[in-house]
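Below is one structure, written out as structure tokens; comments come after it.
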Amino acid sequence: MNKRTAWLSILGVAVVVAVLWWRWAPRQTVAAQDVPTPGAGHFQKSNNYSPYADRRFATQVYWGDQHLHTSLSCDAGMVGDRLGPDDAYRFARGQQLRSSTGQLVQLERPYDWLVVSDHAEYLGMSTALADRLPAVVDTPKGKHWEAAFKKGGDASIGAFHEMVADLTTLKPSLPRAVLPKLARPSWDLVIAAAERNNKPGKFTAFIGYEWTQTIQANNMHRVVVFRDGADRTKQILPFSAFDSADPEDLWKHMADYEAKTGGRVMAIPHNSNLSGGMMFAAKTWKGKPFDKQYAETRARFERLVEASQSKGDSETTTLLSPTDEFANFERWDKANIFSLIATTPEMLPFNYCRSALKLGLAHEAKLGVNPFKFGLIGGTDQHTSLSTTRAENYFGVASVVEPKPGRWKLPFQQNKENPKLDTYNWEMAPGGLGGVWARENTREAIWDAMERKETYCTTGTRPVVRVFGGWDFTAKDLGSPNPEWVEQGYARGVPMGGDLTNAPKGKAPAFMIKALCDPDGAFLDRVQIIKGWLDAKGEAKEEVIDVVWSGDRKRDPKTGKVPLVGSTVDVKNATWTNTIGAPFLTGFWQDKDFDPALHAFYYVRVIEIPTPTWLCYDAKRFGEKMPDYVPMTVTNRAYTSPIWYSPGAK
Amino acid sequence: MRRQLAAVCREPLVHFLVIGATLFLYWHLVGGRLPSQPQSIFITPAQVERIAHVWAKTHLRPPTAEELAGLVEQEIDEEILYRQAVALGLDRDDLVLRRRLATKMEFLTDDFAEAANPTDDQLQAFLLQHPEKFSLEPLTSFSQIYLDRTKRGERALEDAEKLLAQLSGKSDADWKTLGDPLLVPNEFSDATTFDVARAFGREFPKKLAQLPVGRWSGPVESGFGLHLVLVQSRSPGKAQPLAHVREAVLNEWRAARRQELAAEFRQQRRAGFAVNVEWPDWASEAARVSGGKAPKGAP
């Protein structure tokens, strides 16, 4: 053919190829786990005609414990926990189990999700000793621990103390080269159990671990929770305190994980009350003052703080909140976690969540970023593989204190030089729970809800609490029937964990709150809002406001306080009746003292009527007489994540 | 004869064979007692690559030169120890190792037919044999009206009964505006026992199950107070057709089949061994259960 024909043919072929390519080239597909987590503006106002299309707000609260230990934790496994992660999940899903001490136990109602968060340090130690993992038992220390473990009883507890001592010095007794050989199979076990028990739509099993930095017995622990499944989490090993004592290195490991795998992960600190003033200190671990980058990193990875658990409640304390009559609740103010160093008044502002939230505002004023902008969640920290938070169903913080006569007076931590710092089992709380407002029961939906802080902490019961803050809510809005109320809440305001900013001229934040008691539990006493703010001088202030309460109690005009609700607890019989309080409270409150120039936060606290403590149930069951200082009644409560106000986007 | 033998002895091939045999004999008798020659350990570039890669996966960065040198040293030490251990027969007594090797062997030799494709008839038969695994949970659709005892006090029960009479009269009363507010939906569609318990408390599902279908009834007590309930439909846990649960049935069938095959393979493996168990006296019960020989002196 001639030149012209040749060129035309080539052109024709090129055109055909181009068309075919455009038509059938492989497009990039998106997997569910690749969908990025929604950002702050997760609820967009839509232009749809259909009001039901594009509904993306949370419709239900999902209950769970983000802090539970099984026999894979070196301490639990060494003091008698014989149950593994699978048992923990089965129990959380509502099945009846035999505890490590052979007692039958079942949850009052199943959970919706659970994080098995075993210590990264010596992860799987007791399993390794039982199976005689050569890497471990062929070392001198490993051999010694194996013998102790096999002997059980005091010998095993002695080995446990040695392991715990390693955590306070961060000098492992096993050679460093051995640690990953122990961690790898153990981490695989953790992941496999989570994958086996994760049932999207029915029950969520999160993959996680605990970074247990405890230098000098100051509690700097964080539970690390992954959004992802085996594919991504298998690519790393848990970051242990033996790897580094610096939280910034933990966050670096987390950032590397996200960059490498495309996954998401968060760290949830707990027991700030036992941190010796370190958890919310104004200096980094390296001793430097905060800078903007530090604040951003911390705010990015520590979206939540566990505010209530077995070893005391970390909301606030009387010294810091002298006018808050509910501040003296499950307080562990004597010393740090192993009763090694006494807690001094100077440490307190850095030990408590409410104070830290206030300090965060001050940091924000200086740095432009709030490093302590965390939501609140609860957990148990129980080391029995059984998450039991009800007073009548409490199986102890460790297997050695599962129900039995005399468990109340067993020592927890002792300081030989200073017995005033000793703590005892009767001081243990049953632990808290996390209520998470999410769209569905899947890892992604619940993790995303935690990430945007749409969560609240309870002290073990399951009241349902919902709050919306906005600029143009009125008391009338509170009366809308539920579906409309929720829609309007999201459309015209923000839920717990949200941000209000750019106050319209002359407007103040208004809050609508609805609180429902636990249907198997106690009625509610009152609903409060706690406001924290930075005044014009830069001083952090707080105020507790009673928004709505049960019955016809009147606010005292002199003190501004609402009288206590009373008590129906019959201590002798360990019963109470819901003849005081109310099952359902709704409240509207607007900040009359609002100053749009000042940073502030608002969170809701709901208080139940008094109920018997687990000690009261023990006393009845075992016919024990306990001294007066052992508490027989408790007023359970819930704290929501705050809604923050900041003057304007910079 | 002699001449033939001499001829044979002169053959180079024969010399070769004789010298060879002598050497082999010498080596067989003496070789073991000679000081062992240094065995060779070869670490190939691919192995170094693998060591670095595994380390990097854990630490999210490649090892430094010092670290890599140290890791290779560890690898060499491990190889030496391993060979020495095997030479001493340490692998025979190690429980963990035995289990691991046994599992590996099982994995290699037992083909559990992952890809087994049963017929629909087989699946249907399996479904009928295990109805409880594949049935739907009992589901209830209902509406509820709540009456708050703390608001109504003594009148609560009376109010409930009056309301019930009101509702029973009209067919579509505007029931959603009746009663007191509660942060619980007033309509539930196909709710499981779990859904009902989480919303109303542990005891409520049992009470709900007793209520009649198609008309308002009550009042029923929950942890919140009193409820009037209209159960619209109640589906008992019912068996599902194969088409709806094929995936689940297939998984369960395969799991059951795996167990059957595992048993078959065990039998086959045993065929090559003569097994003899001598049970001690105190284990006579276990011996009986096992069907083996009773120990001496046992009844």
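Quick notes on this structure:
Yes/no matrix, rows are residues, columns are (1) outside any loop (DSSP other than H, G, I, E, B); (2) more than 12 Å from the chain's Cα centre (by Cα); (3) farther than 23 Å from A:Leu500 by Cα:
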{"site": "A:Trp426", "(1), (2), (3)": "yes, yes, yes"}
{"site": "A:Gly431", "(1), (2), (3)": "no, no, yes"}
{"site": "A:Asn441", "(1), (2), (3)": "no, yes, yes"}
{"site": "A:Glu444", "(1), (2), (3)": "yes, yes, yes"}
{"site": "A:Trp447", "(1), (2), (3)": "yes, no, no"}
{"site": "A:Met450", "(1), (2), (3)": "yes, no, no"}
{"site": "A:Arg462", "(1), (2), (3)": "no, yes, yes"}
{"site": "A:Val465", "(1), (2), (3)": "yes, yes, no"}
{"site": "A:Leu478", "(1), (2), (3)": "yes, yes, no"}
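- Within the stretch B:49-61, the set of residues being surrounded by 12 or more Cβ atoms within 10 Å (Cβ to Cβ) and either among the β-branched types (Val, Ile, Thr) or outside any helix (DSSP H, G or I) (or both) comprises B:Ile51, B:Val54, B:Thr58, B:Leu60.
- Among the residues of the stretch B:62-95, those that are part of a helix (DSSP H, G or I) and open to solvent by less than 40 Å² (accessible area, probe 1.4 Å) comprise B:Gly70, B:Leu71, B:Val72, B:Ala85.
- Selection of first residues in the stretch A:330-350 that are among the aliphatic types (A, V, I, L, M) and outside any strand (DSSP E or B) and of second residues that are open to solvent by 50 Å² or more (accessible area, probe 1.4 Å) and at pLDDT below 90, restricted to Cβ pairs under 7 Å at least 6 apart or on distinct chains, gives the following pairs, ordered by first then second residue: A:Leu340/A:Gln216; A:Ile341/A:Gln216.
- Extreme residue, surrounded by the fewest Cβ atoms within 10 Å (Cβ to Cβ), among residues of the stretch A:617-645 that are of a type in the set (A, V, I, L, M) and part of a loop (DSSP other than H, G, I, E, B): A:Met626
- Candidates A:Glu195, A:Glu258, filtered to the one that is open to solvent by 10 Å² or more (accessible area, probe 1.4 Å) and within 14 Å of chain B (Cβ to nearest Cβ): A:Glu258
- Cross-chain or 6+ apart pairs with Cβ under 7 Å, the stretch A:176-200 first and within 30 Å of A:Arg439 (Cβ to Cβ), then surrounded by 21 or more Cβ atoms within 10 Å (Cβ to Cβ) and of a type in the set (S, T, N, Q): A:Ile191/A:Thr233; A:Asn198/A:Thr204
- Residue among A:Ala183, A:Ala177, A:Ala135, A:Ala148 that is within 14 Å of chain B (Cβ to nearest Cβ), assigned to a helix (DSSP H, G or I) and open to solvent by less than 20 Å² (accessible area, probe 1.4 Å): A:Ala183
- Qualifying residue in the stretch A:220-233 (condition: farther than 25 Å from A:Thr442 by Cα, outside any helix (DSSP H, G or I) and open to solvent by less than 20 Å² (accessible area, probe 1.4 Å)): yes
- Some residue of the stretch A:327-335 being within 23 Å of the chain's Cα centre (by Cα), open to solvent by 20 Å² or more (accessible area, probe 1.4 Å) and on the phi > 0 side of the Ramachandran plot: yes
- Filtering A:Pro519, A:Pro557, A:Pro563, A:Pro495 for residues that are surrounded by 15 or more Cβ atoms within 10 Å (Cβ to Cβ) and either modelled with pLDDT under 95 or more than 12 Å from every other protein chain (Cβ to nearest Cβ) (or both) leaves a single hit, A:Pro495.
- Residues satisfying the stated conditions in the stretch A:155-170, i.e. free of Cβ contacts under 8 Å to residues at least 12 places away in the same chain and either open to solvent by less than 50 Å² (accessible area, probe 1.4 Å) or more than 28 Å from the chain's Cα centre (by Cα) (or both): A:Ala155, A:Gly158, A:Ala165
- Residue that is open to solvent by 50 Å² or more (accessible area, probe 1.4 Å) and in contact (Cβ under 8 Å) with a residue 60 or more places away in the chain, where the choices are B:Arg215, B:Arg258, B:Arg266, B:Arg288: B:Arg258
- Selection count, the stretch B:193-212, where residues are open to solvent by 40 Å² or more (accessible area, probe 1.4 Å), assigned to a helix (DSSP H, G or I) and under 22 Å from A:Gln60 (Cα atoms): 4
- When each of A:Asp525, A:Asp552 is tested for being within 14 Å of chain B (Cβ to nearest Cβ), closer than 30 Å to A:Ala391 by Cβ and surrounded by 15 or more Cβ atoms within 10 Å (Cβ to Cβ), the lone residue that passes is A:Asp525.
For every residue, the table says whether it meets (1) outside any loop (DSSP other than H, G, I, E, B); (2) touching a strand residue (DSSP E or B) at 6+ places or on another chain (Cβ under 6 Å); (3) within 12 Å of chain B (Cβ to nearest Cβ); (4) free of Cβ contacts under 8 Å to residues at least 40 places away in the same chain.
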{"site": "A:Tyr89", "(1), (2), (3), (4)": "yes, yes, no, no"}
{"site": "A:Gly94", "(1), (2), (3), (4)": "no, no, yes, yes"}
{"site": "A:Thr101", "(1), (2), (3), (4)": "no, no, no, no"}
{"site": "A:Leu114", "(1), (2), (3), (4)": "yes, yes, no, no"}
{"site": "A:Leu123", "(1), (2), (3), (4)": "no, no, no, no"}
{"site": "A:Ser126", "(1), (2), (3), (4)": "yes, no, no, no"}
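- Lone qualifier among A:Ala295, A:Ala281 - being assigned to a helix (DSSP H, G or I), surrounded by 15 or more Cβ atoms within 10 Å (Cβ to Cβ) and out of contact with any Cys (no Cβ under 9 Å at 6 or more places or on another chain): A:Ala295
- Every residue from the stretch B:224-245 that is of a type outside the set (S, T, N, Q) and at pLDDT below 85: B:Pro236, B:Gly237, B:Lys238, B:Ala239, B:His244, B:Val245
- Residue selected from the stretch B:140-169 under the condition more than 14 Å from chain A (Cβ to nearest Cβ) and in a strand (DSSP E or B), by the criterion farthest from B:Pro185 (Cα to Cα): B:Thr140
- Meets criteria (among the small types (Gly, Ala, Ser) and surrounded by fewer than 11 Cβ atoms within 10 Å (Cβ to Cβ)) for B:Ala274: yes
- The condition of being aliphatic (A, V, I, L, M) and either modelled with pLDDT under 90 or open to solvent by 60 Å² or more (accessible area, probe 1.4 Å) (or both) holds for only one of B:Leu167, B:Leu163, that being B:Leu167.
- Scanning the stretch B:170-180 for residues that are open to solvent by 80 Å² or more (accessible area, probe 1.4 Å) and either under 30 Å from B:Ala248 (Cβ atoms) or within 13 Å of chain A (Cβ to nearest Cβ) (or both) gives B:Asp174, B:Lys176, B:Thr177.
- Checked against (1) more than 12 Å from chain B (Cβ to nearest Cβ); (2) open to solvent by 10 Å² or more (accessible area, probe 1.4 Å); (3) β-branched (Val, Ile, Thr), A:Thr459 passes all but condition (2).
- Residue, farthest from A:Phe511 (Cα to Cα), within the stretch A:580-616, restricted to residues that are in a loop (DSSP other than H, G, I, E, B) and either aliphatic (A, V, I, L, M) or within 14 Å of another protein chain (Cβ to nearest Cβ) (or both): A:Ile580
- In the stretch B:192-206, the residues that are more than 7 Å from chain A (Cβ to nearest Cβ) reach residues that are open to solvent by 50 Å² or more (accessible area, probe 1.4 Å) with C-beta atoms within less than 6 angstrom, at least six apart or across chains, in these pairs: B:Thr192/B:Glu137; B:Pro205/B:Thr193.
The values are calculated or read from the model by the stated rules, or taken from the named source; none is laboratory data. Just so it is clear, the structure is predicted and the values come from calculations on it, not from any experiment. Cβ sites come from the backbone with ideal geometry, for glycine too, and all protein chains shown count toward neighbours. The area values use the complete protein model at the heavy-atom level, side chains included, leaving out ligands, DNA and RNA. Shrake-Rupley method; radii C 1.70, N 1.55, O 1.52, S 1.80 Å.
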